[in-house]
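Read through the structure below, which is laid out as structure tokens, and then see the notes.
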Amino acid sequence: MIWGNHSLLMEFVFLAYPSQPELRALSFLGVSLVYTLIISGNVLIIMAIQTEARLHTPMYYFLGSLSGVEVCYTAVVVPHILANTLQSEKTITLLGCATQMIFFIGLGSADCFLLAVMAYDRYVAICHPLQYPLTMTLTLCGRLVMASVVIGLFLSIQLAAFIFSLPFCRTRTLEHFFCDVPPVMRLVCANSHIHELSVLVAATLAIAIPFFFIATSYVFIVAAVLKIHSAAGRHRAFSTCSSHLSVVLLQYGCCAFMYLRPSSSYYPKQDQFISLVYTLGTPVLNPLIYTLRNSDMKGTLGRLLTRNCLSQNN
């Protein structure tokens, strides 16, 4: 079986995992704990939005969709990280590496597009409140979520097809935990400038353009909020946006650092840490940020957990 000039059975070896048994056990327990928090936190948000009728609004529909994407996004790499932590041979085939990259980058890009969609939702709600019910219909919300996922996967398929059609060097060791773009590109034996430019274009489409859209939306939002005369009204408007802005800065900051830069500035240890932040840190913080800063979500989650505890006791 041949894919381009590569055998599909060719394997990459991951070097970022600890070799000492004590560190391996500690790493496994730590990642398992964080992954449990990611799944439970995001699933609770999805359940709360589905069960509470007053949360059936576009803002919470997008929040639930974001939680769903993050559950899938982490499922692409975290179980693989956990398995490799315990295994003696930490390898992945060429086809497995390409598949992992497609879904990791695709769902990560969908995450970025969804954050841009959520900014548009807040823009319409605050700047055009009378038109909001007519503009943000359930049909439009569903199409925006679907478009975010489809465009993200389309870009990642194009990027992965391009990267894995290039010739790889004989050294097939990845100084990383999974198949991400920067460490895989380090193994390419070809004219790096053209390939770096291609990756930069894909990263610009998935990261820079949505971030510019978010920034533009918030310029109009801030201008509209400052025109509100009552302090309570301004506080209410800003509180609905503060959670979203916190998540945006965390997500886009890490992604921009990883993908919007030349490969010459790639430092394995530093990049391994940053990749863990946006693979584990951001998905576990998002539910906390949206829950702690949102009274409706806190109340709904409290009632949901209370009902579950009561049903178990009975």
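The values are calculated or read from the model by the stated rules, or taken from the named source; none is laboratory data. In this text the structure is predicted, and so the values were computed from the model without any measurement. Because the Cβ atoms are built from the backbone with ideal geometry, glycine has one as well, and the counts that use them run over all protein chains shown. Ligands, DNA and RNA are excluded from the accessible area calculation, which covers all protein heavy atoms including side chains. Shrake-Rupley method; radii C 1.70, N 1.55, O 1.52, S 1.80 Å.
Across all Cα atoms of the range 163-228, the radius of gyration (one decimal) and Dmax (whole number) stand at 18.9, 63 Å. Dimensions of the range 127-194 along the principal axes, based on C-alpha atoms and rounded to the nearest Å, stand at 61, 23, 20, largest first.
Per-residue accessible area (protein heavy atoms, 1.4 Å probe) orders Cys72, Cys241 as Cys72, Cys241, starting from the largest. Its Cα gyration tensor gives the range 110-159 an equivalent ellipsoid. The semi-axes, each the square root of 5 times an eigenvalue, are 25, 11, 5 Å from largest down.
Under Stokes-Einstein, with the Kirkwood radius over Cα pairs as Rh, the value for the chain at 10 °C and 1.306 mPa s is 75 µm²/s.
Here the sum of -39500 (n - 2.57) over DSSP H runs of 4 or more residues, divided by the residues of the chain, equals -24500 deg cm²/dmol at 222 nm, to the nearest 500.
With the whole protein complex present, His56 retains an accessible surface near 120 Å², based on a 1.4 Å probe.
When the Cα positions of Ser32, Thr139, Ser109 are compared along the charge dipole of the chain, Thr139 comes out farthest toward the positive end, with charges on each C-beta of Lys, Arg, Asp and Glu. Rg over Rh for the range 1-138 works out to 1.12, both radii taken from alpha-carbon positions and Rh defined as the Kirkwood radius. What shape does the range 51-119 have by the C-alpha gyration tensor, where a ≥ b ≥ c are the square roots of the eigenvalues, rounded means a/c under 1.5, and otherwise prolate means a/b greater than b/c and oblate the rest? Prolate, since a/c reaches 1.5 and a/b exceeds b/c. Each peptide in 28-41, 216-229 receives the mean, over its residues, of other Cβ atoms within 10 Å, and ordering these scores from highest gives 28-41, 216-229.
Rounded to the nearest 20 debye, the dipole size of the chain about its Cα centre is 660 debye, using +1 on the Cβ of Lys and Arg and -1 on the Cβ of Asp and Glu. State the percentage of accessible surface on the chain attributable to carbon and sulfur atoms; use a 1.4 Å probe and exclude ligands, DNA and RNA. That fraction is 69 percent.
For Lys298, the lysines whose Cα falls under 30 Å of its own Cα, not counting residues fewer than eight places away in the same chain, are Lys227.
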